[in-house]
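The values are calculated or read from the model by the stated rules, or taken from the named source; none is laboratory data. These numbers come from a predicted model, not from an experiment. Quick reminder, even Gly has a Cβ in these numbers, built from the backbone with ideal geometry, and neighbours come from all protein chains shown.
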Amino acid sequence: MITLPDSLGAIATAVGEIRAGGTDLQERRNSGVSRGPVVDLQDLDGRDLVSISPEGGLTVGSGVLIQDLAEHPLVVQGYPALAAAAGGLATPQIRARGTLGGNLLQRVRCWYFRHPDFACLKRGGDSCFARAGDHAEHACFDTGPCIAPHPSTLAVALLCEDATVTVRRSSGRDEVLTVPELLGDGSDPRKDHMLLPGDYLLSVDLPPPVTGDRGGYFRAIRRAHAEWPLIEVAARIRLGPDGRVSAARIVVGAAANRPIDALAAAAALVGKAPDDSALLAAGALAAKGGPTVEDAEWKARLIPGSVLEACARALAADGARAFRVAPVAPDAPGATP
Ligand SMILES: Cc1cc2nc3c(=O)[nH]c(=O)nc-3n(C[C@H](O)[C@H](O)[C@H](O)COP(=O)(O)OP(=O)(O)OC[C@H]3O[C@@H](n4cnc5c(N)ncnc54)[C@H](O)[C@@H]3O)c2cc1C
Ligand code: SF4
C-alpha cells in the first residue's frame, strides 16, 4: 500500500516507510529486504525550500535534491565543504533524484544486509556476517557491533559545518538535534539513525557562515565516477592575519560506523602554517581511530593523504562569505526596540 500525504499532520498518522527520492528504499524493496507500506512524499509541498534564517544561517528543506544543494548559490557561498561534498557523491543521476533527508537517513550498503538471505545484526539477527566474511571495504575502525561504514557523505560534511537538524516527532513536537544525536553512537547495530517510525526530518539548519572560512572535500575512490568512497574527508580551515591556522575542523567518513570528528587532528593544525607537513601530521592523527578491523585496516592508511588533499582544496578555494541579513524594521511585529 502507498500513502501520499499532503501535509505534515498526514505524515504523522501514515503507516509505512517514508520514500523521498527512493534511490535507497527502492533498492531494498526490489531485493525483498524491505517490505510493507510506503509513505511517498511526492504530494508534500514546500520540502525543497532554502531560506536564510533569522540568525543569518541557512535552513534547507529535507526534500532539497542533492544536485540542487551542490549548486545552490547560498550553499556555495557560505558552506564550500558541503557544496563540494554534495557535488562529489554518487552519480549525476542519483544526485538528481536523491534528497538531503534521504541521504542522511539511508541504510548501510553492506552486501550482507542488502541480501535477503542474510539476517544479520542490523536486521535483528544474532551475527555479523561481514566480520567472518568479506569486509575488506567495510569500516577500518571497529567502533561498534556493525562494521558497515556509515553511508552518508552529507552527514560527514554537515558535521564539519556544525549543522543541526529539525525533526517533527510523530507527537507533533519539533526537536533540534546535532548530527551525532541524529545518527546515534552506533552501539545499537539495528539503527543507522535515531528517528522513530512516524518521525519526519523537516530541515537541516546551518549556522551563519564565517567570512573567510575555507572548506574542502576529498574522497579516495577506486574509479573516477559512480563509486562509494573508500575514505572521505570534509575540512574547514580559518587562517589568521599571520597566515597560520586559527581554527580547523576535520571529519572523516567511510572509516567507521559513524563519521569521525577528528578533533585531535584539527587541534594539531591550530597555530601552524598550513604546509604539507603540518597537514600530513594532522592526517596521521586522524588515522589513529582506535582498534582496526583486520581486512579493512588498509583503509586507515588512506586517511593522512585524504586529510592533506581535503585541506589543500579548502586552502585553494575562495573563503566563505556571510549572508546579508535583511534588517528588521523597528515597528515590525516581534522587533525589539
Ligand atoms: C552507485 C551509487 C553510489 C552512491 N554513492 C554515494 C556516496 O558516495 N555518498 C552517499 O552519501 N550516498 C551515495 N549513494 C546513495 C545515495 O546518495 C542515496 O541513495 C540517496 O541519497 C538517498 O536519498 P533518497 O531521497 O533517494 O532516499 P530514499 O530512498 O527515499 O530514503 C532513504 C531513507 O530515508 C528515509 N527518509 C527519507 N526522507 C525522510 C524524511 N524527510 N524524514 C524521515 N525519513 C526520511 C526513508 O524512509 C528511507 O529509509 C550512492 C548510491 C549509488 C546507487
Ligand atoms: S556489517 Fe553490519 S550490516 Fe553488514 S553483516 Fe555486519 S551487522 Fe550486518
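Being touching a residue at least 60 places away in the same chain (Cβ under 8 Å) and away from ligand 2 (no atom under 16 Å from the Cβ) is the filter here, so list the residues in region 33-56 that pass it.
Within region 33-56, 52, 53, 54, 55, 56 qualify.
Within region 1-60, work out how many residues are surrounded by 14 or more Cβ atoms within 10 Å (Cβ to Cβ) and hydroxyl-bearing (Ser, Thr, Tyr).
5
Give the residues of region 258-299 that are in a loop (DSSP other than H, G, I, E, B) and of a type in the set (Gly, Ala, Ser), sorted by residue number.
Selection gives 262, 271, 273, 287, 289, 290.
Which residue out of 115, 138 is farther than 23 Å from residue 236 by Cβ, modelled with pLDDT of 95 or more and touching a Pro at 6+ places or on another chain (Cβ under 8 Å)?
Going through 115, 138 in turn, the sole match is 138.
Of all the residues that make up region 69-95, how many are surrounded by fewer than 18 Cβ atoms within 10 Å (Cβ to Cβ), within 14 Å of ligand 1 (Cβ to nearest atom) and not β-branched (Val, Ile, Thr)?
The qualifying residues number 4.
Here is a list: 206, 196, 158, 154. Which entry is within 15 Å of ligand 1 (Cβ to nearest atom) and touching a strand residue (DSSP E or B) at 6+ places or on another chain (Cβ under 8 Å)?
158
Looking at region 90-136 only, could you name the residues that are in a loop (DSSP other than H, G, I, E, B), within 23 Å of residue 199 (Cβ to Cβ) and within 12 Å of ligand 2 (Cβ to nearest atom)?
Across region 90-136, the qualifying residues are 107, 108, 109, 113, 124.
Say we look at region 234-257 and pick out the residues that are hydrophobic (A, V, I, L, M, F, W, C) and in a loop (DSSP other than H, G, I, E, B); which of these is nearest to residue 86 (Cα to Cα)?
That would be 254.
Out of region 198-225, which residues are under 19 Å from the mean Cα position of the chain (by Cα), surrounded by fewer than 22 Cβ atoms within 10 Å (Cβ to Cβ) and part of a loop (DSSP other than H, G, I, E, B)?
199, 207, 208, 221
Across region 182-197, what is the number of residues that are assigned to a loop (DSSP other than H, G, I, E, B) and away from ligand 2 (no atom under 16 Å from the Cβ)?
Total satisfying the criteria: 4.
Is at least one residue of region 176-192 within 16 Å of ligand 1 (Cβ to nearest atom) and among the hydroxyl-bearing types (Ser, Thr, Tyr)?
Scanning region 176-192 turns up no residue that is within 16 Å of ligand 1 (Cβ to nearest atom) and among the hydroxyl-bearing types (Ser, Thr, Tyr).
Condition check ((1) free of Cβ contacts under 8 Å to residues at least 12 places away in the same chain; (2) surrounded by 18 or more Cβ atoms within 10 Å (Cβ to Cβ); (3) not acidic (Asp, Glu)) across all residues:
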| residue | (1), (2), (3) |
| --- | --- |
| 247 | no, no, yes |
| 255 | no, yes, yes |
| 263 | yes, no, yes |
| 273 | no, no, yes |
| 276 | no, no, no |
| 283 | no, yes, yes |
| 286 | no, yes, yes |
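Tell me the strands (runs of 3 or more DSSP E) entirely within region 1-70 that contain at least 2 residues that are of a type in the set (Val, Ile, Thr).
Counting at least 2 such residues, we get 38-40, 50-52, 58-61.
Restricting region 143-154 to residues that are hydrophobic (A, V, I, L, M, F, W, C) and assigned to a loop (DSSP other than H, G, I, E, B), which is surrounded by the fewest Cβ atoms within 10 Å (Cβ to Cβ)?
147
Suppose the filter is within 30 Å of residue 160 (Cα to Cα) and surrounded by 18 or more Cβ atoms within 10 Å (Cβ to Cβ); does residue 66 pass it?
yes
The rows are residues; the columns are (1) of a type in the set (Phe, Trp, Tyr); (2) more than 23 Å from residue 87 (Cβ to Cβ); (3) surrounded by fewer than 23 Cβ atoms within 10 Å (Cβ to Cβ).
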{"position": "139", "(1), (2), (3)": "no, yes, no"}
{"position": "156", "(1), (2), (3)": "no, no, no"}
{"position": "166", "(1), (2), (3)": "no, yes, yes"}
{"position": "171", "(1), (2), (3)": "no, yes, yes"}
{"position": "187", "(1), (2), (3)": "no, yes, yes"}
{"position": "192", "(1), (2), (3)": "no, yes, no"}
{"position": "196", "(1), (2), (3)": "no, yes, yes"}
